[in-house]
1. Scan the range 92-131 for residues that are hydroxyl-bearing (S, T, Y) and outside any strand (DSSP E or B) and jot them down.
2. Quickly run through the range 39-75 and pick out the residues that are over 23 Å from A186 (Cα atoms), free of Cβ contacts under 8 Å to residues at least 24 places away in the same chain and not small (G, A, S).
3. Do you know which residues across the range 4-59 are assigned to a loop (DSSP other than H, G, I, E, B), small (G, A, S) and at pLDDT 90 or above?
4. Is it the case that the range 77-91 has a residue that's among the hydroxyl-bearing types (S, T, Y), at pLDDT 95 or above and assigned to a strand (DSSP E or B)?
5. Just one of (1) in contact with a Phe, Trp or Tyr (Cβ under 9 Å, 6 or more places away or on another chain); (2) assigned to a helix (DSSP H, G or I); (3) within 23 Å of P72 (Cβ to Cβ); (4) not hydroxyl-bearing (S, T, Y) trips up A186, so point out which.
6. Output the number of the condition that T201 fails; it satisfies all remaining conditions of (1) open to solvent by 70 Å² or more (accessible area, probe 1.4 Å); (2) modelled with pLDDT of 90 or more.
7. Being in contact (Cβ under 8 Å) with a residue 60 or more places away in the chain and either of a type in the set (S, T, N, Q) or crowded, with 18+ Cβ neighbours inside 10 Å (or both) is the filter here, so list the residues in the range 87-114 that pass it.
8. Open to solvent by less than 40 Å² (accessible area, probe 1.4 Å), under 17 Å from the mean Cα position of the chain (by Cα) and at pLDDT 95 or above: is that true of L64 in this structure?
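The values are calculated or read from the model by the stated rules, or taken from the named source; none is laboratory data. No experiment lies behind these values; they were computed from the predicted model shown. Quick reminder, even Gly has a Cβ in these numbers, built from the backbone with ideal geometry, and neighbours come from all protein chains shown. SASA here: full protein model, heavy atoms, side chains in, ligands and nucleic acids out. Shrake-Rupley method; radii C 1.70, N 1.55, O 1.52, S 1.80 Å.
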Amino acid sequence: MTSPVPPAADEPVYDDRVYRSPMAMVTGVLLLALMAWLCGDALVRGSGSAPWIAGAVLLFGVPLVVAFTLRPAVFANDNRLRVRNPFRTLELPWASVDAVRAGYSAEVLAEGATYQLWSIPVSLRERKKVSRRAGRAGAEAAAVKDLARASADKAVHELTELAERGTARAGAQGGVKVRWSYEIIAPAAIGAVALIVLLATR
């Protein structure tokens, strides 16, 4: 009697592709440096309630700066998409993804919901520049069309290809998982409350 043939194993999963916004990261580093300089001076040299207010500002501001500039990232491999937004982390197996698109913002549609990809900013200005260059290229080789994409559109195109290839993989099955980033939310909330109290009692 012939034993049943097991299903073919998935191909190996390679390292994640990582998508970040370089401009956002530079902005975040500069803002953190500015906050450290201003609030650090108040912490060291300030008198009265100034050091406490400076500490509350840091507790409130640093997590928010990190959340909106350094934290956002998109990680993609053959099995799933992991989206790290300011206050949430999403894990989306490719089988759960309906579409990845870039209109006025980059988004992934999954299980009837739409999630924004914060780390892939859409620049309409860049799109216009790319369109003008493509127009001047005229009827050159078709490969020019593939190159003539804004950075956000290139990223979305790559993610769409990964989704199409990965949706049938055994490791790409499952539903969307959402986790709130309490390591960002909690200190920011505590800092906000402390700042309100300190300002109200001055």
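1. Hits for the range 92-131 are S96, Y104, S105, S119, S123, S131.
2. Matches in the range 39-75: D41, V44, R45.
3. S21
4. There is at least one residue in the range 77-91 that is among the hydroxyl-bearing types (S, T, Y), at pLDDT 95 or above and assigned to a strand (DSSP E or B).
5. (1)
6. (2)
7. Listed by number, the residues that qualify are T89, L90, L92, P93, W94, A95, S96, V97, V100, A110.
8. Criteria not met by L64.
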